[in-house]
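**Q** Please find one structure pasted underneath; my questions will follow.
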Amino acid sequence: MSLPAHPHNAHLLDLRTPADLAGELAAVGFPAREPIAEWEQVSHAVLRLEGVRPAVRSRLESLAVNPESPVRLYGGGPNLLRSASRRALRGLAKALSAGGRPAAGAELERCLDAAPGQWRWGRRTLDFRSGAKVMGVLNCTPDSFYPASRLPEPGPALEAARAMIAAGAHILDVGGESSRPGSDPVPVAEEIRRVVPLLEAIRRESDVLLSIDTRKPEVAQAALEAGADILNDISALRADRSPGDGTPGMAALAARRGAPLVLMHMRGEPKTMQAEPRYEDVVSEVLGELSEMVEFAFAAGVERLIVDPGIGFGKRLADNLCLLKNLAVLRCLGCPVLVGLSRKSFLGAVTGAPVEDRLPASIAADTLAILSGADIVRVHDVREAVQTVRLLLAVRGASCR
Ligand code: HH2
């Protein structure tokens, strides 16, 4: 083998997955028999643990860890950072479980294994291993925040659905109530009247996955009867109960049908949510609140959950930016992550662009989100998002040496 023209060419590698490492190992003549084990050894991570009691802290300090790993523990208060190889963190998870803290051990294992696989329910499949999914927004409303997305008439709404399917949408999200800041709730019967004919019409001609964007169990039930597959609840079950007419509550409905349920974080109600949102640590608070809802939903028997930070729902500009920057943190909940960034006002605040002109910033934001591990992007502009996803997938899969 001849030596390279420029000796050394020293450079740090940007490795994000076990497959990246396996490619680099093979290229230097060291094909890894167990790429995942190698990855766990060389890949370092920093774990943040919140609300740690002194007894647990001293246990963490005393736990034996893999001696080859440079392990560090930082923080004097209830919040700690632990830096170690993934392998050492896995050892820590096992030690916590064996040492009488099975919940903490399981939580840590979940963080390390957070890669959603494939879902099958009824005749439906969602495979998160084959790249991010594009969810097209169909607003059967007269007042949604993006005027071009308003489709109150069934004819144009069906045309829009057909165009999204042709452009490669994986999921269509049909909604009959705007949740823009300051919006009023829509009565149940009116919401059903808006969404059911469109769901039925799409279902008659396509097998595309259909999601219903509603907070009301009666609407969710009618939508499922009309062919919807997924429930998208922007209130994350906060007021979940049966309406008392025999309709089950949202969680019970999802559990009974096996339907995936999106839990979106929101503080307050759309009417008032932007009045004075306040967080001390938005990432930690959104994670904690979603985590409670995930536990509640699993306890109610829901098998398939998707989590969403709720960009623009009771959040200030800085909160939205922090959530986008730290989207990967939500993967620790062990559920696929959905994010809706498309044309939202925080993009306008950053770029100065009106809603009609926010497509470039929306594509950039979706790109950042997918690189941070978003599994589903909810968008108004399906063609552009599908191209983005395809490019990111091609780059991720490129073999380079
Ligand atoms: N955003 C909107 C509506 N529903 N659902 C989820 N899961 N995540 C979101 O970010 C999200 C959502 C707002 O967008 P849009 O439906 O276009 O606006 P409007 O509520 O005004 O109809």
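**Q** Any chance the range 354-365 includes a residue that's among the hydroxyl-bearing types (Ser, Thr, Tyr) and open to solvent by 50 Å² or more (accessible area, probe 1.4 Å)?
**A** no
**Q** Which one is farthest from the ligand (Cβ to nearest atom) among residues in the range 166-175 that are surrounded by fewer than 24 Cβ atoms within 10 Å (Cβ to Cβ), of a type in the set (A, V, I, L, M, F, W, C) and farther than 25 Å from Glu218 by Cα?
**A** My answer is Ala166.
**Q** With the requirement that a residue be of a type in the set (A, V, I, L, M, F, W, C), under 21 Å from Leu224 (Cα atoms) and not in a loop (DSSP other than H, G, I, E, B), what does the range 166-175 give you?
**A** Once the filter is applied, which keeps residues that are of a type in the set (A, V, I, L, M, F, W, C), under 21 Å from Leu224 (Cα atoms) and not in a loop (DSSP other than H, G, I, E, B), the range 166-175 yields Ile171, Leu172, Val174.
**Q** Ok, one more. For the range 124-135, check the following and say yes or no: at least one residue is of a type in the set (Phe, Trp, Tyr) and open to solvent by less than 60 Å² (accessible area, probe 1.4 Å).
**A** There is at least one residue in the range 124-135 that is of a type in the set (Phe, Trp, Tyr) and open to solvent by less than 60 Å² (accessible area, probe 1.4 Å).
Yes/no per residue for (1) touching a His at 6+ places or on another chain (Cβ under 6 Å); (2) assigned to a strand (DSSP E or B); (3) within 12 Å of the ligand (Cβ to nearest atom):
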{"position": "Leu126", "(1), (2), (3)": "no, yes, no"}
{"position": "Val137", "(1), (2), (3)": "yes, yes, yes"}
{"position": "Pro142", "(1), (2), (3)": "no, no, yes"}
{"position": "Phe145", "(1), (2), (3)": "no, no, yes"}
{"position": "Ala157", "(1), (2), (3)": "no, no, no"}
{"position": "Met164", "(1), (2), (3)": "no, no, no"}
{"position": "Glu177", "(1), (2), (3)": "no, no, yes"}
{"position": "Val186", "(1), (2), (3)": "no, no, yes"}
{"position": "Ala189", "(1), (2), (3)": "no, no, no"}
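**Q** Another question about this same structure. Give the residue, chosen from Val174, Val195, that is of a type in the set (Val, Ile, Thr) and closer than 26 Å to Leu347 by Cβ.
**A** Val174
**Q** Which one of Val137, Val52 is of a type in the set (Val, Ile, Thr) and at pLDDT 90 or above?
**A** Checking each option against the conditions leaves just Val137.
**Q** Continuing with the same structure: Out of Gly249, Gly244, Gly227, I need the residue that is farther than 25 Å from Lys315 by Cα, free of Cβ contacts under 8 Å to residues at least 12 places away in the same chain and in the same structural domain as Gly310 (by TED's automatic domain parsing). Which one?
**A** Gly244
**Q** So Ala297 passes all but one of these: (1) within 21 Å of the chain's Cα centre (by Cα); (2) touching a residue at least 24 places away in the same chain (Cβ under 8 Å); (3) open to solvent by 40 Å² or more (accessible area, probe 1.4 Å). Which condition number does it fail?
**A** Here Ala297 clears every test but (3).
**Q** Please specify each residue of the range 26-50 satisfying the condition of being buried (at least 16 other Cβ atoms within 10 Å of the Cβ) and more than 27 Å from the chain's Cα centre (by Cα).
**A** Result: Ala32, Glu38, Gln41.
**Q** Residues being open to solvent by 10 Å² or more (accessible area, probe 1.4 Å) and under 15 Å from Met164 (Cβ atoms): count how many of those fall in the range 367-381.
**A** So the count comes out to 3.
**Q** What is the number of the single condition among (1) among the aliphatic types (A, V, I, L, M); (2) within 23 Å of Gln221 (Cα to Cα); (3) touching a strand residue (DSSP E or B) at 6+ places or on another chain (Cβ under 8 Å) that Leu158 does not meet?
**A** All conditions pass for Leu158, except number (3).
**Q** Which of (1) touching a residue at least 60 places away in the same chain (Cβ under 8 Å); (2) touching a His at 6+ places or on another chain (Cβ under 7 Å); (3) not aliphatic (A, V, I, L, M) is the odd one out, the single condition Pro309 does not satisfy?
**A** With (1) touching a residue at least 60 places away in the same chain (Cβ under 8 Å); (2) touching a His at 6+ places or on another chain (Cβ under 7 Å); (3) not aliphatic (A, V, I, L, M) applied to Pro309, the lone miss is (1).
**Q** While we're here: Select from the range 221-254 the residues that are open to solvent by 30 Å² or more (accessible area, probe 1.4 Å), of a type outside the set (Asp, Glu) and not in a loop (DSSP other than H, G, I, E, B) and list them in ascending order.
**A** Correct list: Gln221, Ala252.
The values are calculated or read from the model by the stated rules, or taken from the named source; none is laboratory data. Here the structure is a predicted model, which is why all the values come from computation and not from measurement. Cβ sites come from the backbone with ideal geometry, for glycine too, and all protein chains shown count toward neighbours. Note: areas computed on protein heavy atoms with side chains; ligands, DNA, RNA excluded. Shrake-Rupley method; radii C 1.70, N 1.55, O 1.52, S 1.80 Å.
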